[in-house]
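The values are calculated or read from the model by the stated rules, or taken from the named source; none is laboratory data. Source: prediction; values computed, not measured. Note that we place each Cβ from the backbone using ideal geometry, even for glycine, and neighbour counts take in every protein chain shown. Calculation scope for accessible area: heavy atoms of the full protein, side chains included, ligands and nucleic acids excluded. Shrake-Rupley method; radii C 1.70, N 1.55, O 1.52, S 1.80 Å.
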Amino acid sequence: MKNKNIFSRVILVFCCFLLVTSCTNTKNKFLYRKWHNMNARYNGYFYSRENMKESVAKVEKANKNDFNRLIPLFVYTDNQNAKTFYSDFDKSIKKSSSVIHRHAIINPRTKEEIPNACKWIDENYMLIGQAHFYKRDFFSALEMFEYVSKKYPNPEAKYGGMLWMVRTYNELGSFSKSEPTLDELRNADDFPKDRNYQRELAAVAADYYIKKEDYPPAIRELTKAIEFTKNKKTKARFIYVLAQLYEKLNDNASATRYYAMVPGLNPPYDMAFSAQIKLATLYEIQSGDSRAIKKQLLRMLKDFK
């Protein structure tokens with residue numbers, strides 16, 4: 001009986017603690033941080049991130065590539081279809097905003113957030129910025145990315161924000177701002193060695209050069225990005241664009257080599273089909289032999305799709 005009473009008291013104290021901590025975000029103490037970290041991550045950030053993934057997947061599924069032109073390195077919304085996805089991305093904005101409001105730990109004296117006191121706040125700001133980006137509300141997106149890059153001292157947050165700033169500048173055509181930001185990223189001694197960050201840096205740099213129609217450095221950066229890319233779908237797109245860049249420079253041998261890699265990465269059917277057409281065409285250009293192209297086209301003709 002005595003043990004039961006002790007157990008009940010412990011439960012009561014614990015419940016009281018939860019009630020108190022759930023109502024305050026102005027105390028930067030160990031237990032308070034733990035509680036806010038747990039709820040920010042599992043009750044907010046997780047669902048906001050999953051919604052973001054689903055929304056981006058919808059954008060990518062709706063995308064129609066024009067393979068007669070240089071396809072974009074990244075699949076974003078455009079001015080015609082962005083409004084179609086507003087409600088999807090607004091869900092992430094709402095969820096992450098709620099996490100920040102409830103779980104960012106505030107200095108009661110300055111009324112400002114204590115950076116990294118709650119570990120998941122910077123990630124939620126990034127999700128809000130990315131949602132604005134896909135809505136093509138670029139200036140609201142930049143506001144979020146700049147805030148993260150300046151507010152949070154950890155390299156993952158700082159440079160993650162800066163990488164998305166470059167993406168945004170590239171979409172705006174503000175290349176004079178992309179270039180110095182890229183230089184700062186390349187020269188940063190504490191830039192993360194993680195494969196994902198290395199891939200992102202090379203890819204956004206390639207995107208910068210592609211949009212400027214400066215193809216040799218775009219090829220260099222994109223080749224580097226491909227080396228760090230594991231996802232087959234992303235890798236297929238990067239390699240297809242790389243082949244297109246070589247084709248633009250009249251390096252048909254290199255273009256052929258990279259177009260040949262695309263079908264084996266299980267890309268969308270239209271991309272694999274286009275790569276095979278390109279292979280057949282470039283092979284004829286190099287060899288002057290029409291038999292190979294006829295054989296390839298006849299084989300493709302048998303495919304119902």
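Here are a few things to note about the model shown:
- In order along the stretch 157-172, phi translates into HN-Hα couplings of 6, 4, 7, x, x, 5, 4, 6, 4, 5, 3, 5, 4, 4, 5, 7 Hz, rounded to whole numbers, per the Karplus curve 6.51 cos²θ - 1.76 cosθ + 1.60 with θ = phi - 60° and x for Gly and Pro.
- Pairs spanning more than 28 Å between alpha-carbon atoms, out of K119/K224; K64/K302; K53/K150; K94/K235: K119/K224; K94/K235.
- Sparsely packed GluC sites (Glu not before Pro) within the stretch 126-226, loop by DSSP, other Cβ within 10 Å at most 11: E213
- Accessible surface of M126 - all protein chains present, 1.4 Å probe, nearest 10 Å²: 30 Å²
- Here the accessible area is traced with a 1.4 Å probe on the protein chains. For the stretch 182-228, carbon and sulfur cover 42 percent of it.
- Linear extension gain, F138 paired with A57, 0.36 nm per residue minus alpha-carbon span: 27.2 nm
- Heavy-atom accessible area for S48, with the other protein chains in place and a 1.4 Å probe, reaches approximately 0 Å².
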